[in-house]
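Every number here is computed from the coordinates shown, using simple stated rules; none is lab data. Only a predicted model underlies this, so the values are computations on that prediction, with no experimental measurement involved. As a convention, Cβ positions derive from the backbone with ideal geometry for all residues, glycine included, and neighbour counts pool all protein chains shown.
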Amino acid sequence: MSAPDPSKIQEFRERLRQEWTDEKTVAAWRKWHAQIAAFTRGATEAILEAAHLSPGMRVLDLACGVGDPALSIAQEVAPSGRVTATDLGPGMMSLAEELARKKGLTNIEFRQANAESLPFADACYDVISCRFGIMFFPDLPKALHECLRVLKPGGRAAFVAWGKLAQPFFTTTAGILLKHLPAPPPPPDPDAPSLFMFGERGRLRRSLETAGFSNVHEEDRIIAGRWSTSVEEYWEQFTEVAAPFRPLLEQLTPEKKTEAKAESLAALNKFWSSKELNIPLEIVIGTGTRP
Ligand SMILES: C[S@@+](CC[C@H](N)C(=O)[O-])C[C@H]1O[C@@H](n2cnc3c(N)ncnc32)[C@H](O)[C@@H]1O
């Protein structure tokens, strides 16, 4: 695993920082966080299982966003264990902090931190968790090196990422949106971080092994993405939350937006049964330990 060219890394970093700290992104996650947490509950369960947690552990959660899975981990390692939840920007984390207070969690702290340069001492965590964050680290070798540095020898890292692009989570919304753009988007830079990059079987395993993790394991899993209100509301959420796709949506004329929405609702309706949307979500789970 080689790092991409430094000038590109800087460009990716700036784009991602902009996307994830944008006030529209933060407002959308605030609005939809409860439904998103329910929709991706299977991914939280997967990472809780993969992390091999026990009470008393010190855990670092990277890219914690609005608190998944950091808040659940804090409950698992309580009362004597502690979680440090980190994210690039303060916006998403401020909601995570509010939710932690509401749940009465006292064993979790929040720190703004880029996963590529962690403000923590060497060998101080038993476990690192990261749910739907690893694909946004522009210099992945650097981020994984930081993970190894702050893990105790024998400590474990557990990552959950999206699986392949050709899955209903993509094809029912973003895939349709792309077809309606006025001009096809330029082919993606193969070095650029992207939502579905770890859908390439073996890529997450190779990244962890090359970084120096031991006991590396990669698993594909399908979890149920449940959304219990309506397909219209699911589409509305997609248009507001999906930071990488929002700029594309803004390129559509009102007519094209209407067409894309109608097509998406038809595609989503195929997954509507028993009064809920149930989309099979393909995820990848990667784990490894510090030698
Ligand atoms: C899709 S959200 C996932 C949040 C949460 N873990 C979850 O599963 O819902 C991606 C998060 O990654 C964070 N992020 C992106 N790049 C990062 C970086 N280099 N270091 C730390 N966090 C980063 C973003 O700010 C955002 O909160």
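Between beta-carbons, use under 14 Å as the cut-off and find the net charge around L71, counting Lys and Arg +1, Asp and Glu -1.
With Lys, Arg at +1 and Asp, Glu at -1, the neighbours total -2.
Given the C-alpha centroids of the range 202-227 and the range 7-82, what is the distance between them in whole angstrom?
Each part reduced to its Cα centre gives a spacing of 17 Å.
Is the shape of the chain rounded, prolate or oblate, going by the alpha carbon gyration tensor and its root eigenvalues a ≥ b ≥ c, with a/c under 1.5 for rounded and a/b larger than b/c for prolate?
Since a/c reaches 1.5 and a/b is larger than b/c, the shape of the chain is classed as prolate.
Excluding same-chain residues fewer than 8 positions from K257, which aspartates and glutamates have a Cα within less than 17 Å of its Cα?
K257 reaches E232, E233, E236, E240.
Let me know the charge dipole size of the range 210-291 about its Cα centre in debye, to the nearest 20, where only the beta-carbon of Lys, Arg (+1) and Asp, Glu (-1) is charged.
140 debye
Considering only Cα-Cα distances, which of the following residue pairs are longer than 24 Å: K102/K152; K31/K103; K31/K270?
The answer is K102/K152; K31/K270.
If a/c stays under 1.5 just call it rounded; otherwise compare a/b with b/c (prolate if a/b is bigger, oblate if not). Do that for the range 46-152, with a ≥ b ≥ c from the square roots of the Cα gyration tensor eigenvalues.
Here the range 46-152 falls in the oblate category.
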